[in-house]
1. All but one of (1) at pLDDT below 95; (2) within 11 Å of residue 85 (Cβ to Cβ) hold for residue 246; state the number of the condition that does not hold.
2. Among the residues of the stretch 112-121 satisfying the criterion of being under 14 Å from the mean Cα position of the chain (by Cα) and outside any helix (DSSP H, G or I), which is farthest from residue 14 (Cα to Cα)?
3. So, restricting to helices (runs of 4 or more DSSP H) that lie completely within the stretch 22-111, which ones have at least 2 residues that are at negative phi and either at pLDDT 95 or above or in contact with a helix residue (DSSP H, G or I) (Cβ under 6 Å, 6 or more places away or on another chain) (or both)?
4. Could you list, in sequence order, all residues of the stretch 227-236 that are buried (at least 20 other Cβ atoms within 10 Å of the Cβ) and in a helix (DSSP H, G or I)?
5. Of all residues in the stretch 136-152, which are in contact with a strand residue (DSSP E or B) (Cβ under 7 Å, 6 or more places away or on another chain) and more than 25 Å from residue 329 (Cα to Cα)?
6. Residues being surrounded by fewer than 16 Cβ atoms within 10 Å (Cβ to Cβ) and under 19 Å from the mean Cα position of the chain (by Cα): count how many of those fall in the stretch 272-298.
7. State whether the residues of the stretch 261-277 include one that is modelled with pLDDT of 95 or more and in contact with a strand residue (DSSP E or B) (Cβ under 8 Å, 6 or more places away or on another chain).
8. If I ask for residues that are under 15 Å from residue 172 (Cα atoms) and surrounded by 14 or more Cβ atoms within 10 Å (Cβ to Cβ), which ones from the stretch 142-158 would you list?
């Protein structure tokens, strides 16, 4: 069956008229803006752009963030019309639920253990969630997946590299799903910069049902700015722009992101350091007597199974070292998730663990 995006979209979304600002409606150059009920006198704080000029914080930002998209287009090799920018990847996830899933009627599939916001968004949108646990090797349960898909399955979320397990999902399994599922396949690549795996962004023209999520919160070090990216067909991105809030990315965030995108060399150096530190930390953790299993990671964290995981977690907290206790998560029993820190922070946690006594 040929993929039909418009037929997959909820009828009310397909037929709705999006909010239209004067900035949307106007094209060309203007000197006087009296359209948006802004405070024309200015703002009580100032923020300078790269030219040393004050940013117009009293004005609404570009609703489509075109300057960022054009710069990302050159970095990612994707035309701007294939890019959506959101308030973190979480906004993109929520929009996909609202665009494609009828409350009560439709369902989505996830593969726990995985990123928790998929379930949160399903609950918020009153959409049924089908949980198919990963296999013991943390790969997709392909044999049970086919039976789980029905006519009301609209979205399938795959986190790769996966959070909290750290591994990448087999590419051939994802390709098989893209070729055979007539709904939307969402590949969350928040940690792709730390992996040797090739991004699925290169496959956008091949698969009209593909959405790839990425973020500036991890490798780019901009978690505080909250900017996530979605890459897909121009038609699907059009629906996301139609449903999003008009001014979802602030002027200050847009300016800081534009500056950050000029520093790819710095980011690449940080990625190399993080990967090196990941290998060092893994070697050190493996020598500890209470380490049971160290799961291979393509991300900026390690999932470690320990004999006294909960006690070790409490011990580290008392030492002012915070990790993530995943011991009650399916397939992560007795596991802690440890983010790769600075070399000094990694030394500190290893020294603390070496002093732990059960």
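1. If we test residue 246 against (1) at pLDDT below 95; (2) within 11 Å of residue 85 (Cβ to Cβ), just (2) comes out false.
2. 114
3. Values: elements: 22-25, 66-76, 88-100.
Correct list: 66-76, 88-100.
4. Taking the stretch 227-236 and keeping what is buried (at least 20 other Cβ atoms within 10 Å of the Cβ), we get 227-232, 236.
Hit for the stretch 227-236 is 236, nothing else.
5. 152
6. Final tally of qualifying residues: 0.
7. First, the residues of the stretch 261-277 that are modelled with pLDDT of 95 or more: 261-277.
So of that shortlist, the ones also in contact with a strand residue (DSSP E or B) (Cβ under 8 Å, 6 or more places away or on another chain) come out as none.
No: the stretch 261-277 contains no residue that is modelled with pLDDT of 95 or more and in contact with a strand residue (DSSP E or B) (Cβ under 8 Å, 6 or more places away or on another chain).
8. As a first pass, look at the stretch 142-158 and keep what is under 15 Å from residue 172 (Cα atoms): 142-143, 145, 158.
Answer for the stretch 142-158, where residues must be under 15 Å from residue 172 (Cα atoms) and surrounded by 14 or more Cβ atoms within 10 Å (Cβ to Cβ): 142, 145, 158.
The values are calculated or read from the model by the stated rules, or taken from the named source; none is laboratory data. It should be emphasised that the depicted structure is a prediction, and the values quoted were computed from it without experimental measurement. Ideal geometry is used to build each Cβ from the backbone, glycine not excepted, and the neighbour counts take in all protein chains shown.
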